[in-house]
Structures are given as C-alpha cells and as structure tokens.
Amino acid sequence: MAESDWDTVTVLRKKGPSVAQSKSKQAVAAAQRRGEELDTTKKWAAGQNKQHVITKNTAKLDRETEELQHQRVSLEVGKVIQQGRQNQGLTQKDLATKINEKPQIIGDYESGKAIPNNQVMGKIERAIGLKLRGKDIGKPLEAVPKKK
C-alpha cells in the first residue's frame, strides 16, 4: 500500500459568498467578528424619488442671515388647489395620478407646507384649470396660443 498524507486536505470546489449574502447584516457582523477589513458605503438617496432638486432655494437660504426658512406655498394657493380639485370631483390621489406626482405632494401644497416648485405648480394649474402663480391667483387659466 502506498503512503498517504492524511494531514493535508484538498478542496476541489469552494464557492465564496454570493453578492447578496456578502451584503447581509449577518455576513457583515461575522466578518467584523473575524477581524476582516470591510468596505461599506451608503449610497445617497438610494431608492428614493429625488427628482425635484431645488438648488435655487438652498442657495438663497445659504445667503440668508436672519430668517432661516424656505419660502412656502401660501394658504391662499392651497385653498385654490383644493377648490379646483373638488370642483372637478377629484381626490388628492386622483389629482396626483393625473400629474404624475405623489399624493403627499398634493396634500403638502394644499396645507401650505410645500416649497413651491414651478414644474409642479404648472402641472397642477393645467390639471385644475386655475392660475396658481402671479397676481390673479384663482382665476381661470387662459389658453395661450403657441407661436409658430
């Protein structure tokens, strides 16, 4: 019989942890216990709807020295949105679906908590048919003919 080395072990196939397993909390905790070096990064705003970035208001807030608050939608505008929505028989959810926004955004605009965004205001104006910006807030939106 030939001599065999019983002290060595040969591993033919050994798979490392999959990507999902290596990112789990248990895998990270186990690696920390073993003293391994970890590289963890948290992505900024990952998985959130951050499409409306307001840089103009943040720059204005940085320049402001006394009153540190963003300008909010007035309650008058909120009431006009609410009345226009109710006149058309829409709920907040229906209006939000119509303009491709979240229902919470409509609620914030109606309660006066939202920071005004011209894109969203324009969408709401067209959906309810009432002006929300300028001098004549609450008046019917006039169709402006496009110039060719």
**Protein accessible area in region 79-148, 1.4 Å probe - carbon and sulfur %** = 49
**Fill in**
Residue span Q86 to Q32: 0.36 nm per residue of separation minus Cα-Cα distance leaves a gain in nm of 13.7 nm
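The values are calculated or read from the model by the stated rules, or taken from the named source; none is laboratory data. What you see is a predicted model; the values in this text were computed from it and never measured. All accessible areas refer to the heavy atoms of the entire protein, side chains included, with ligands and DNA or RNA removed. Shrake-Rupley method; radii C 1.70, N 1.55, O 1.52, S 1.80 Å.
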